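Quick notes on the structure that follows.
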Amino acid sequence: MPRHRIDSEDQRLPIKLDSTSNGEFLPVPLSRANRHANALAQEAAGFHARRLAMGRRDFLLGSCGAASTLLAFNAANAAAGRTGGFFDLPAVAATEPAAAAATLETGEFIFDVQGHYVDPTEAWLKVAPESAFSWAPKAGCALADGKTPRGHLACLSSEEFVKDVFLDSDTDMMVLSFVPSRREASPLEIESADAVRRIVDRLEGNHRLMIHGRVNPNQPGDVEDMPRLKEQFGVCAWKTYTQWGPDGQGFFLDDDVGIRFVEEARRLGVKVICVHKGLPFGAESYQHSQCRDIGPIAKRFPDVSFLVYHSGFVTEVEEKAYGLNAGGDGIDTLIRSLEESGVGRGSNVYAELGSTWRFLMRDPTQAAHALGKLLKHCGPDNVLWGTDSIWYGSPQDQIQAFRAFQIAPELREKHGYPEITPALRAKIFGLNAMRPYGISAEEMKLRARHDAVAGERFAYRERPEPHFRTRGPKTRREFLNLLAWNGGSRA
């Protein structure tokens, strides 16, 4: 009997490069360089495991396995001319645990401001077709049930969510966010989000998991429901999608619909607004997905914090689909909006990295430019860590890759990008998010270090069983099937 129940064939890499989408953009196939990177990493894992007289799976579970994978990615990227960024690890990290741990086990406070959970028990299951779940993994977690219809959806359960986030990753805190949807058809209602939070509370991990209140202000009833969300569920912020609308038409934060929403947030005293930008849901929603309204609304309401999810990132697929000019939209639109409105570095606007970093891990030169621009123009205190997990499985691989990532000196000198120092990394991982969410240093220590969750994590890691899987859609068909739960209204 194999020692490991999960991935008994020992073929999954701890750092995941694949085509998985968060359900908000078409999956982008891997490039030749990415496929080469995965192949080199598989080869290196076998070589180093044999050299250390270890089982392949045991090797991949350790920091050396992650270091070996990242070093293989470096080799493939260099061969493809992608040298603008790199994973800064010594070669010995592939076989020497102390060398790997020095970079990959650095113990920062990690506050993930964009997590997701898909409730596999909610009413939306009753109206969604079977094809809506073709993207969900059919195995790969201890709770999977292959005998009953949709039994594999147990891999999306609240228990598996807690394992992915708080046991299999170094995440200390997370904000549970929402996808856009009509009020009658959501895969995560506020009640379900609160139930997940209470699971963590029962582990005495109070406030490790915070929740948003979803508001689509162009949908009747959502603004009126904001007081209930605050009083009944204690939401920490509001989540909105300017490119979404029940009739397919979005809005801008600085038009009448958006201003009414921001003013209600101020009246209620929950003055943190998380706005999804970039990753449009089709041609009609493209203009409202861009960031031209961020500067004006931030200037008008300086006492409100605006967290720009995805930092306005635009994928290469969208660039081709909408005929964009390179450098004309996405992150550049955010920077241009801030500059034109006179909103400087260190302002009330924060750039969040969910899905953006995960996508950019494929191309270190693109990653270097994106991170460099955000740090240079928004400021080192205004870039926030987010992963968009569970769509990408446990966020640990994103954490490890970011711990090692560095912008090449040549790009830093040419464009004025900063070096990613340990202090800057710690800010992005969690310290920066404490300001908009009002978390003090003492409160941070109480929430994330000495509770039952920390004890359970310590015990679990004596014999961990991470699945090294991603959760979201990986093909165009799976992506379109996922939209079926909401009648395609997001497209």
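Values in this text are rule-based calculations from the coordinates and carry no lab data. Just so we're clear, the structure is a prediction, and the values are computed from it rather than from any experiment. Cβ: placed from backbone, ideal geometry, glycine included. Neighbour counts: every protein chain shown.
If r is the Cβ-Cβ distance from L52 to D201 and R0 is 45 Å, what FRET efficiency results, to the nearest 0.05?
The calculated FRET efficiency here is 0.65.
So, counting K/R as plus one and D/E as minus one, what does the shell of residues with Cβ under 12 Å around P217 add up to?
Once positives and negatives cancel, what remains is -4.
What order do you get for Y350, Y309 when you list them from fewest to most C-beta neighbours inside 10 Å?
The order, fewest Cβ neighbours first, is Y350, Y309.
What is the spin-label model distance, in nm, from A101 to S440 if the labels are put 7 Å beyond Cα along the C-beta direction?
In this crude spin-label approximation the distance works out to 3.4 nm.
Nearest 20 debye, what's the magnitude of the dipole of region 361-424 about its Cα centre given +1 on Lys and Arg Cβ and -1 on Asp and Glu Cβ?
Taking the Cα centre of region 361-424 as origin, the dipole is about 100 debye.
To make sure I understand, if each residue's beta carbon is the centre and we count other beta carbons within 10 Å, what order do C236, C64 fall in, fewest to most?
With the sparsest Cβ surroundings first, the list reads C236, C64.
Take the Cβ-Cβ distance between R345 and E159 as r, set R0 to 45 Å, and report the resulting FRET efficiency rounded to the nearest 0.05. Before the final figure, lay out each step's value.
Numbers: r = 42 Å, r/R0 = 0.93.
It comes out at approximately 0.60.
As an exercise, use a Förster radius of 25 Å and the Cβ-Cβ distance of R260 and R228 to find the FRET efficiency, rounded to the nearest 0.05.
On the way: r = 17 Å, r/R0 = 0.69.
E between R260 and R228, to the nearest 0.05, is 0.90.
Give me V165, V215 ranked fewest to most by other Cβ atoms within 10 Å of their Cβ, as a rough exposure proxy.
Ranked by crowding around the Cβ, least crowded first: V215, V165.
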